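Please read the structure below before turning to the comments.
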Amino acid sequence: MDKLPPLTSLSALEAFFRTGSVGGAAEMLGRTHSAVSKQLHQLQDHSGTELFVKRGLQLELTSDGRLLAETVARSMDEMRRTYTAVTGGGRASVTVAASSTFARQWMIPTIARFNVEYPDIDVLIRVVGPQGSRRTEGPVDLVISWDRLKHLDVEHPLAVSLGDVHIGVVLAPTYPFEMTATTLRIQTILQRREAENSWEHWSRLADITVIRQRELTFDLSSLAFEAAERGMGATIAPKFLIEKELKSGSLIAPAGFLTFRDGLLVYPATERPKLSKPARLLRDWLVAHAQLDADGFIADPVTPQWPFTSAGVDW
């Protein structure tokens with residue numbers, strides 16, 4: 001029997017494939033950046049094949065690397081499903097697709113509140129990254145979408161709103177900029193990979209011409225937000241994902257925010273257009289308990305206190 005590489009290196013490959021970056025994989029696995037990088041290098045050494053190639057500062061999968069990553073992702077999903085079937089006693093589950101930054105800053109706290117009321121439903125978050133692809137990762141029940149600058153129009157007959165999204169250009173208060181009624185002059189813009197058109201769309205909708213000298217691209221929105229906070233440039237962000245920074249004053253929005261009515265949407269995934277009872281319950285709970293405030297910030301939650309009694313739901 002051929003010797004397989006360590007499971008830790010395969011899980012690192014899966015996380016890299018799903019998130020599209022070493023930093024995203026480290027965040028997903030709860031490991032350090034250096035640990036994940038070392039495990040990926042060990043996997044490549046073990047295989048004797050070039051699995052990764054460096055393009056600028058970014059690490060990308062080769063064709064062989066992508067083939068292996070897709071197989072590993074499918075196998076990991078199958079193992080998880082089988083393990084759940086064997087040990088979970090038929091627990092209900094819902095899988096939700098969301099971006100990494102959104103999952104960490106909005107989904108996790110929201111799902112934690114949901115599970116206080118419905119502890120018998122497992123909510124699985126499928127992270128969508130620049131290089132990752134949901135097509136190999138099993139079906140998804142719900143998609144939650146907020147980036148109305150990247151996707152100006154989302155048309156889905158079953159989409160329901162979780163509130164208005166307020167999006168604007170933000171930067172550190174000490175970062176130099178010049179602004180008139182029709183222009184914004186800054187040295188560096190910070191953008192998310194595969195969402196580079198957001199600046200063009202913002203400029204057109206705000207009727208403000210952006211004049212810049214250089215661009216920096218990050219794999220994750222959270223990295224662009226942090227870079228802006230540390231004075232590396234200006235980025236585009238929704239109020240609800242940078243609430244703490246705006247309220248503390250570490251980020252400011254010199255041009256204000258565009259408001260996208262009913263911009264935060266939840267809707268059934270294409271592969272599962274008919275929602276299961278747990279998915280329908282989660283969607284309805286989100287509509288009732290996870291709406292954004294009118295000012296675009298996250299509404300203060302009213303959280304049930306422990307201990308709790310599980311809501312009786314017949315699946």
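May I ask you to list pairs of residues, at least six apart or on different chains, whose Cβ atoms are under 9 Å apart, with the first in the stretch 51-80 being under 17 Å from P139 (Cα atoms) and aliphatic (A, V, I, L, M) and the second being at pLDDT below 85 and surrounded by 14 or more Cβ atoms within 10 Å (Cβ to Cβ)?
What qualifies is A73/G132; A73/S133; A73/T136; A73/E137; A73/G138; M76/E137.
Say we look at the stretch 98-122 and pick out the residues that are assigned to a strand (DSSP E or B) and modelled with pLDDT of 90 or more; which of these is surrounded by the most Cβ atoms within 10 Å (Cβ to Cβ)? Don't jump to the end; show me each part of the working.
Residues of the stretch 98-122 that are assigned to a strand (DSSP E or B), as a first pass: 98-99, 121-122.
Checking which are modelled with pLDDT of 90 or more leaves us with 121-122.
Values: I121: 23, D122: 16.
Out of the qualifying residues, it is I121.
Only one of T217, T209, T174, T180 is surrounded by fewer than 19 Cβ atoms within 10 Å (Cβ to Cβ), of a type in the set (S, T, N, Q) and free of Cβ contacts under 8 Å to residues at least 12 places away in the same chain. Can you tell me which?
On the way: T217 fails: free of Cβ contacts under 8 Å to residues at least 12 places away in the same chain; T209 fails: free of Cβ contacts under 8 Å to residues at least 12 places away in the same chain; T174 fails: free of Cβ contacts under 8 Å to residues at least 12 places away in the same chain.
Answer to the check: T180.
How about the stretch 166-223: which of its residues are part of a strand (DSSP E or B), touching a Ser or Thr at 6+ places or on another chain (Cβ under 8 Å) and not aliphatic (A, V, I, L, M)?
Scanning the stretch 166-223 gives H166, T183, Q191, R192, T209, R214, E215.
So, in the stretch 252-286, of the ones that are within 21 Å of the chain's Cα centre (by Cα), farther than 27 Å from F225 by Cα and of a type outside the set (D, E, K, R), which residue ends up surrounded by the most Cβ atoms within 10 Å (Cβ to Cβ)?
Looking at the filtered set, the residue picked out is L282.
Pairs only if they're at least six apart or on different chains, beta carbon under 7 angstrom, first in the stretch 244-269 and in a helix (DSSP H, G or I), second of a type in the set (A, V, I, L, M); list them, first residue then second.
So the pair list comes out as E245/L251.
Identify, by number, the condition in (1) under 30 Å from D300 (Cβ atoms); (2) of a type in the set (D, E, K, R); (3) surrounded by fewer than 21 Cβ atoms within 10 Å (Cβ to Cβ) that E27 doesn't meet.
It is condition (3) that E27 fails.
The values are calculated or read from the model by the stated rules, or taken from the named source; none is laboratory data. Being a predicted model, the structure only gives us computed values, none of them experimental. Please note: Cβ atoms are built from the backbone with ideal geometry, for glycine as well, and neighbour counts cover all protein chains shown.
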